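This report refers to the structure that appears directly beneath it.
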Amino acid sequence: MNDRLTPEGLKARAEDFRTHHRPGNVRGLLVAGSGLKLQIPGWEAAETVEMADLMPFPMHHLEGHSHTITLWRRGDETLMVMNGRFHLYQGYSAAEVVAPVRLAGLLGAEFMLATNATGALDPEIPPGSLVVIRDHLNLQGANPLVGPWAAALAQGPQFPDMSEAYSPRLRELAMRLAEEAGFTVFEGVYAAVLGPSFETPAEVRMLAALGGTVVGMSTVPEVIAARHMGLDVLVLSLASNPAAGLVDRPLSHEEVLEEGRKAAGRLTTLLGRLAETMF
């Protein structure tokens with residue numbers, strides 16, 4: 001087995017995963033954001049795998065994120081759930097950040113449903129609101145297709161079109177189901193910055209002027225990699241706090257985690273409705 005992350009090494013790890021964990025028909029990948037714990041009603045959490053056993057790079061601890069993947073099963077079908085994610089600001093490379101997404105794609109996943117915690121750039125979006133992402137601004141200075149990855153793992157062209165990176169069908173479905181469940185729900189643009197510092201008030205004004213609705217430090221590399229491999233993408237953002245300058249108090253990671261805990265029930269309900277409709 002390769003001792004570093006390469007396209008061929010990741011393909012070998014996917015085959016090893018298939019042999020040892022027998023995931024059957026992998027339907028999709030779900031990614032949990034900061035402080036969020038995903039439950040899949042109607043599916044059984046059958047097995048949890050340590051990410052350190054799957055990936056050839058060191059893990060960096062971050063509160064609110066677990067370096068594990070849980071296999072939720074229903075008959076011969078499997079949903080892979082990342083209990084946390086990797087971030088560029090932790091020192092991971094873009095290829096390392098998206099390695100679990102590519103692993104799921106190699107195992108046959110058809111879609112990626114990602115959640116994240118964000119700051120609201122729009123003062124009309126209250127903390128705890130759900131935002132269905134329709135587009136993004138990649139201001140992280142990195143792209144997971146750089147290097148050998150684009151040519152080695154593409155399910156389409158080396159230069160993938162991103163005009164519909166976020167599935168219109170899944171977005172419409174999520175908006176409808178959230179509204180039926182009585183949730184306050186918005187649709188908007190995710191502005192991705194590197195972090196880990198929160199944005200300044202001037203940066204918040206800039207991001208809003210560029211068209212951003214919420215701002216975060218993750219997700220976009222995963223979306224690019226998922227679309228490159230042919231997965232449909234749905235991203236649900238929890239607006240956990242107003243961005244800097246919109247309120248007269250400092251921001252903290254603890255606030256983000258607390259709002260994630262409060263939103264767990266709403267997300268579980270929405271995921272249950274999505275699961276009933278999608279599968």
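The values are calculated or read from the model by the stated rules, or taken from the named source; none is laboratory data. Quantities reported herein were computed from a predicted structural model and do not represent experimental measurements. Cβ: placed from backbone, ideal geometry, glycine included. Neighbour counts: every protein chain shown.
Residue check, residue 52 against (1) touching a Phe, Trp or Tyr at 6+ places or on another chain (Cβ under 6 Å); (2) part of a helix (DSSP H, G or I), all met but one. Which one?
Condition not satisfied by residue 52: (1).
Out of all the residues in the stretch 184-221, which are in a helix (DSSP H, G or I) and under 23 Å from residue 84 (Cα atoms)?
Once the filter is applied, which keeps residues that are in a helix (DSSP H, G or I) and under 23 Å from residue 84 (Cα atoms), the stretch 184-221 yields 220, 221.
Going by the structure shown, is residue 151 closer than 25 Å to residue 96 by Cα, of a type outside the set (Val, Ile, Thr), without any contact (Cβ under 8 Å) to a residue 24 or more places away in the chain and not in a loop (DSSP other than H, G, I, E, B)?
yes
Restricting to the stretch 145-194, give me the number of residues that are touching a strand residue (DSSP E or B) at 6+ places or on another chain (Cβ under 7 Å) and small (Gly, Ala, Ser).
7
Only one of (1) modelled with pLDDT of 95 or more; (2) under 23 Å from residue 145 (Cβ atoms) fails for residue 25. Which number is that?
(2) is the only condition that residue 25 fails.
When residues of the stretch 53-84 are filtered for being under 23 Å from residue 16 (Cβ atoms), in contact with a Ser or Thr (Cβ under 6 Å, 6 or more places away or on another chain) and in contact (Cβ under 8 Å) with a residue 24 or more places away in the chain, how many remain?
Here the count works out to 5.
What single numbered condition from (1) surrounded by 14 or more Cβ atoms within 10 Å (Cβ to Cβ); (2) over 18 Å from the mean Cα position of the chain (by Cα) fails to hold for residue 180?
It is condition (1) that residue 180 fails.
Would you check if residue 242 is modelled with pLDDT of 95 or more and within 20 Å of residue 131 (Cα to Cα)?
no
Residues of the stretch 122-144 being out of contact with any strand residue (DSSP E or B) (no Cβ under 6 Å at 6 or more places or on another chain) and surrounded by 21 or more Cβ atoms within 10 Å (Cβ to Cβ), which ones?
Passing the criteria: only 144.
Kindly establish whether residue 41 is of a type outside the set (Val, Ile, Thr), at negative phi, in contact with a Leu (Cβ under 6 Å, 6 or more places away or on another chain) and surrounded by fewer than 17 Cβ atoms within 10 Å (Cβ to Cβ).
no
Find the residue count for the stretch 208-233, including only residues that are crowded, with 23+ Cβ neighbours inside 10 Å and closer than 15 Å to residue 118 by Cβ.
Here the count works out to 11.
Mind checking which pairs have a first residue in the stretch 117-138 that is within 11 Å of residue 214 (Cβ to Cβ) and in contact (Cβ under 8 Å) with a residue 12 or more places away in the chain and a second that is polar (S, T, N, Q) and assigned to a strand (DSSP E or B), Cβ under 6 Å, 6 or more apart or different chains?
Within 6 Å, the pairs are 117/240; 118/237; 119/241; 131/237; 133/237.
A quick yes/no check of all residues on (1) at pLDDT 95 or above; (2) under 14 Å from the mean Cα position of the chain (by Cα):
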| position | (1), (2) |
| --- | --- |
| 84 | no, yes |
| 112 | yes, yes |
| 119 | no, no |
| 123 | no, no |
| 126 | no, no |
| 129 | no, no |
| 133 | yes, yes |
| 141 | yes, no |
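Do we find a residue being surrounded by 22 or more Cβ atoms within 10 Å (Cβ to Cβ) and assigned to a loop (DSSP other than H, G, I, E, B) anywhere in the stretch 97-113?
Yes; the residues of the stretch 97-113 include at least one that is surrounded by 22 or more Cβ atoms within 10 Å (Cβ to Cβ) and assigned to a loop (DSSP other than H, G, I, E, B).
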